[in-house]
Amino acid sequence: MPSSVIRKFDYDPQAHKLAVTFVSGKRYAYLGVPEDVAQDFRKAFSKGEFFNDAIRDHYPFERLR
């Protein structure tokens, strides 16, 4: 299902890095995200809800340009 908050995301399994682009255009990389969490994110019906519950405030992040 399309998200009203998240435009797109990409996961790098080698680096355990989840790159998220929000509808606002802001981009962040979440570090140390396990592959199973990234897979659950991909499968989640509500990407925004899953992000808020399982990723935001759980992993360190950096802003991307």
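The values are calculated or read from the model by the stated rules, or taken from the named source; none is laboratory data. Keep in mind that what you see is a predicted model, and the values were worked out from it rather than measured. Cβ sites come from the backbone with ideal geometry, for glycine too, and all protein chains shown count toward neighbours. Side chains included, ligands, DNA and RNA excluded: accessible areas come from the protein's heavy atoms. Shrake-Rupley method; radii C 1.70, N 1.55, O 1.52, S 1.80 Å.
Computed extension gain for residue 21 through residue 39, at 0.36 nm per residue and net of the alpha carbon distance, reaches 4.8 nm.
Calculated FRET efficiency, residue 5 to residue 57, Cβ-Cβ distance, R0 = 25 Å: about 0.95 to the nearest 0.05. The string of couplings for the stretch 22-29 from the Karplus curve (6.51, -1.76, 1.60, θ = phi - 60°) is 8, 4, 5, x, 6, 10, 9, 10 Hz, one whole number per residue in order, with x for Gly and Pro. Could you tell me which of rounded, prolate or oblate describes the chain, using a ≥ b ≥ c as the square roots of the eigenvalues of the alpha-carbon gyration tensor, with rounded for a/c under 1.5 and, failing that, prolate when a/b is larger than b/c and oblate otherwise? It comes out oblate by the Cα gyration axes.
Protein heavy-atom accessible surface, 1.4 Å probe, per residue over the chain: 69 Å². Just the protein heavy atoms count here, and of the accessible area of the chain at 1.4 Å, carbon and sulfur take up 50 percent.
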